[in-house]
Amino acid sequence: MMLAFLIAAHDEQDKHQVVKTWVKQVRDVAYDAEDSLQDFAVRLGKPSWWRILRKLFDRHHAAKQMKELRAKVEDVSQRNQRYQLIKGSGSKATASTGQSSMVSETMSGTEEAMRLRNKAKVDLIRLIHGKKDEDLRVIALWSTNDVFGEMSIVKRAYDDLKRDNKFECQAWIRITNPFNLVESLQNIVKQFFIDSLQESAKTHEKSSPGTHELRRMRTMKEGDLIKEFKKYMNDKSYLIVLSDLSTMEDWNQIKAHFPNNKKGSRLIVCTEQDDVASFCVGTETEMPEHKHLSTDPTLLAFFEKGSQEETYSMEPKPTSNINDENGSANEKRLNRVATMVSAFKEYQLIGRVNEKSEIIKLISDTSSREFEVISICGMGGLGKTTLVKYVYQSQELSGMFDKRACITVKRPFNPKELLSTLAMQLGDDKQALPNLLEGKKYLIVLDDLSSTEEWDTIIQDFPRTEARSRIIVTTRVENIAKHCSNNKEKNIHKLKILGEKDACNLFTEKDSSMDLSRVRSLTVFGSWKPFYISDKMWLLRVLDLEGTEGLFDHHLKQIGMLIHLKYLSLRGCDGIFHLPDSLGNLKQLQTLDIRGTRVLKLPQCIIYLRKLQYISAGGEDILHNFSYEYFEQKLPKLLRNKLGACTFVSKNCFLACCNKGARKKILNEEEGESNRRDVCTWCCHAGLPFVARLADPEGVVVPRGLRKLKALHKLGIVNIARGMSILKEIKYLTQLRKLSVVGINRKICQKFCSILADLNSLETLSVTSNEEHGLQGLLDDVPSPPKSLQSLKLYGKLVQLPEWIGRLQNLVKLKLCMTKLSEVDGTLQVLDKLSNLAILRLRGRSFAEGASLTFRQGTFPGLLVLDIHQVLKSLEFEQEATPKLELLLFDYATFSTTLIYGLASLPSLKEVVLKGSCPVLESLQNQLKDHRNGAMGIDAMDRSCTVVAGSEIGLVQKLFSNTVV
């Protein structure tokens, strides 16, 4: 149904703001529904019998969420019908049915409206009571509609509190314009006096001393009234509602007369100015919280952060009921205040305290007798708006000016609207701005000025008769700042980028204020922070921690909370030695990438992740060695055995537990905070297994039961050296498409060759052996290789290429490394049979040193890329050999020692890449100068170079010092 709503709205293509708002609400509900359904599927799967109690709890949670979702969907649907947002809704109904439905809907709507108003009233009362403390609290209510009258939610809440005698004194006053302090105080005293008389009449008692005091205060002059009013209020708990407050100046005047007498008093401010509402509540260090009190989204309550009980749940923004002609304007103002509140909550004044002090000092400089314009410039996102808001709110400037206003210049620029808004903030939108400011000392903030023309238009309406007045301008362009400040360098403040520490603190503060339950994907660059794994991100699907610095095993302890996680990458995090058991809770996980970590064994819990499709592991050194042989050579002869090596590792573990320097060395810790537990994890799961020859740093050991992961598509790199059990597990992974193994030996080679025949879906195979004998004779007995195999990598001494490789007719990519093949011509004849071979990589002694490689006429018709990184005696291309070859790659050793012939006969050659130094460019030029694709130009440099052939062949110098092609 929600999809139908969205399709209908799209077909209508209505540009009305209310329809757009409604469509946005439908979209949000659709997202909520999707999240809830996903959560139901995860929680209400097939739990074990011993989790019955947990299942009952989850069912209750699901039922509650379903009820809430149903209410949201019905609300969206009824709004469409009520306001006919999408044409044709119910238009085919008969007149009688329509009239009956309308009456029924009206009655239902009235009852629902009453219920919601009562709920809003209760919410406001709870907000007023808040946390049970004795401090004076301010609650500001903002609305663009006239909702503060006698029948309003605020008035009903006020009357209920008054009937219940929650406060000793209560008063409701309307702030007049222009503001009159004495008149307002007399109005409050009058209400106190009447209430006191009524209370005396109820109890049939004589007038109390307080009543006589109030009667006397009503006849006092201004000075005595203010003094006695403060004295009286200091002894009472009070609730005061200030309605129609319009300026900050009025607030600053009146708030000083309500003392914080530690009696739980409350001030309720009602205003139609969003800035006023937030500033009345906010402080310089804390920005206000906010919530909606009714179905009208334009009624917003601001209150101090931390002033409510922790159990008090902040409700989300209700859906909009705006349907009048002012709906678009109201929505714009709502969006503005929502943006403002969001900005306040997300950005704190971090790293800008000194700059704030400098700007305040400029503003309050009494030595200057001229009208001053202070400009703040800097690129977008540096925090200019946040800084200037803090300056504007600062206590140092609160009593310095007669008139104050702060406004953001909107786009498109409308000077009439801007000046009208300024006049409204200054107290009277019916008067011209010069009349309001004439003879007054004023402070005006103009945020986000974008051109000198805008400034020239605005400044004409600001009188300059009062020399101590100030205007603050923020802009992204330095030239505009200079223009506004008349090139006075002392009044131009150039905002700089935050330092690394401050930027990190700002990001942490911002992230802590976000609604993390909405986060679906998180990619981390830089250093580890504790909130990256939080139960607040319970709907997270993607967590990419690749290359995160300072990440250690104990940081992953709570990873099991992210039960919706589908993708987890710890690639390159060399502080990870072991995966926690809580990983087994991630039943939705599909991809696990732990390449470049030091995990040597996958935990047993991984067999419960039945949706897992991709496991990438292996490839990092242990004890700064990639193999046990290298490690053993560094040990004293006395310790070159398992017992001695284990003793050596245990001793280092003990030292690391006692000494932070030793711990950092073992864990390769450059930054972050490891602990002793991480050292113990390293010892038990990496160090000791490595020296006991139970693990290989290039691959991981998989647990028994891996066969249960039927959805697995990629598995590697797996250490299969420990025996037949691992191979038996792999045999049943019939959906496997990519397999990488290390540690093959003579005991298991026949079993390994036999299981390849069972992996019918296998497309990529990588086999590595670091032993001295390598792969020699270990891969000869493959009875039936996978027909779907497209990529094959063999690493280790082979001497002779197995015969079955010539039968891989679907093979596209072949890589041979350290194979030391002796029969060059025989090998090329086998490879020539591979009709689909497009990429051939011969790396690191794939052939014996001194071999001559000749590509015969008519061979390798489909080869596109040839990569040769080894020493050869000669390399020759005969006529019509490799007719489709486009890319040829050499390293320096190959090019400088190998005689290369026949490059000019390669008709499709487009690029030749030389990695390393390139001192023999002349030989290369001579071979390619007569190439059919064009002449070769040379730019000789003793650097790595790329020779590019094409319509205009030329020699392009490149640096490939760290490039792996």
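Exactly one of these conditions fails for Pro883: (1) under 23 Å from Ser769 (Cα atoms); (2) open to solvent by 20 Å² or more (accessible area, probe 1.4 Å); (3) more than 46 Å from the chain's Cα centre (by Cα). Give me its number. Pro883 satisfies all of (1) under 23 Å from Ser769 (Cα atoms); (2) open to solvent by 20 Å² or more (accessible area, probe 1.4 Å); (3) more than 46 Å from the chain's Cα centre (by Cα) except (1). Restricting attention to segment 703-720, the residues being more than 15 Å from Thr734 (Cα to Cα), assigned to a loop (DSSP other than H, G, I, E, B) and open to solvent by 10 Å² or more (accessible area, probe 1.4 Å) number 1. Selection over segment 642-685 of residues that are outside any helix (DSSP H, G or I) and open to solvent by less than 70 Å² (accessible area, probe 1.4 Å) gives a count of 6. Applying the condition of being assigned to a strand (DSSP E or B) and polar (S, T, N, Q) to segment 842-868 and asking which residue is farthest from Ser905 (Cα to Cα) yields Ser852.
Restricting segment 170-198 to residues that are open to solvent by 20 Å² or more (accessible area, probe 1.4 Å) and not in a helix (DSSP H, G or I) leaves a set whose member that is nearest to Thr219 (Cα to Cα) is Asn180.
Among the residues here, Glu500 does not qualify as touching a Cys at 6+ places or on another chain (Cβ under 6 Å) and not hydroxyl-bearing (Ser, Thr, Tyr). On inspection, Glu698 passes the criterion of being within 34 Å of the chain's Cα centre (by Cα), outside the structural domain of Gln590 (by the TED database) and either open to solvent by 40 Å² or more (accessible area, probe 1.4 Å) or under 24 Å from Gly572 (Cα atoms) (or both). I'd like to check something: does segment 33-49 contain any residue that is at pLDDT below 70, assigned to a helix (DSSP H, G or I) and either surrounded by 11 or more Cβ atoms within 10 Å (Cβ to Cβ) or touching a strand residue (DSSP E or B) at 6+ places or on another chain (Cβ under 9 Å) (or both)? Checking segment 33-49: not a single residue is at pLDDT below 70, assigned to a helix (DSSP H, G or I) and either surrounded by 11 or more Cβ atoms within 10 Å (Cβ to Cβ) or touching a strand residue (DSSP E or B) at 6+ places or on another chain (Cβ under 9 Å) (or both).
Looking only at residues of segment 483-525 that are modelled with pLDDT under 80 and touching a Ser or Thr at 6+ places or on another chain (Cβ under 8 Å), we find that the one that is surrounded by the fewest Cβ atoms within 10 Å (Cβ to Cβ) is Cys504.
If you go through segment 787-814 one residue at a time, how many are touching a strand residue (DSSP E or B) at 6+ places or on another chain (Cβ under 8 Å) and open to solvent by less than 50 Å² (accessible area, probe 1.4 Å)? Of the residues in segment 787-814, 12 are touching a strand residue (DSSP E or B) at 6+ places or on another chain (Cβ under 8 Å) and open to solvent by less than 50 Å² (accessible area, probe 1.4 Å). Residues considered: Lys202, Lys262, Lys230. Of these, the only one that is part of a helix (DSSP H, G or I), touching a residue at least 12 places away in the same chain (Cβ under 8 Å) and surrounded by fewer than 17 Cβ atoms within 10 Å (Cβ to Cβ) is Lys230.
Okay, residues lined up against (1) crowded, with 18+ Cβ neighbours inside 10 Å; (2) modelled with pLDDT under 65; (3) hydroxyl-bearing (Ser, Thr, Tyr):
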residue	(1), (2), (3)
His61	no, no, no
Arg82	no, yes, no
Leu85	yes, yes, no
Gln99	no, yes, no
Ala113	no, yes, no
Leu127	yes, no, no
Glu150	no, yes, no
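Candidates Lys587, Lys566, Lys536: the one that is open to solvent by 60 Å² or more (accessible area, probe 1.4 Å), more than 20 Å from Glu673 (Cβ to Cβ) and touching a residue at least 60 places away in the same chain (Cβ under 8 Å) is Lys587.
Between Ala656, Ala662, Ala711, the distinction of being out of contact with any strand residue (DSSP E or B) (no Cβ under 6 Å at 6 or more places or on another chain) and modelled with pLDDT of 80 or more belongs to Ala711 only. The condition of being more than 22 Å from Lys797 (Cβ to Cβ), open to solvent by 10 Å² or more (accessible area, probe 1.4 Å) and either in a loop (DSSP other than H, G, I, E, B) or at pLDDT below 90 (or both) holds for only one of Asn760, Asn745, that being Asn760. From the list Leu775, Leu831, Leu789, exactly one residue is farther than 26 Å from Glu729 by Cβ, modelled with pLDDT of 90 or more and either part of a loop (DSSP other than H, G, I, E, B) or not basic (Lys, Arg) (or both). Which is it? So the residue among Leu775, Leu831, Leu789 that is farther than 26 Å from Glu729 by Cβ, modelled with pLDDT of 90 or more and either part of a loop (DSSP other than H, G, I, E, B) or not basic (Lys, Arg) (or both) is Leu831. Here the condition is being in contact with a strand residue (DSSP E or B) (Cβ under 8 Å, 6 or more places away or on another chain) and within 15 Å of Lys441 (Cα to Cα); of Leu362, Leu397, it holds for Leu397 alone.
The values are calculated or read from the model by the stated rules, or taken from the named source; none is laboratory data. Predicted, not measured: the structure shown is a model, and the values here were computed from it. Positions of Cβ are backbone-derived with ideal geometry, glycine not excepted, and every protein chain shown enters the neighbour counts. The accessibility values were calculated without ligands, DNA or RNA, using every heavy atom of the protein model including side chains. Shrake-Rupley method; radii C 1.70, N 1.55, O 1.52, S 1.80 Å.
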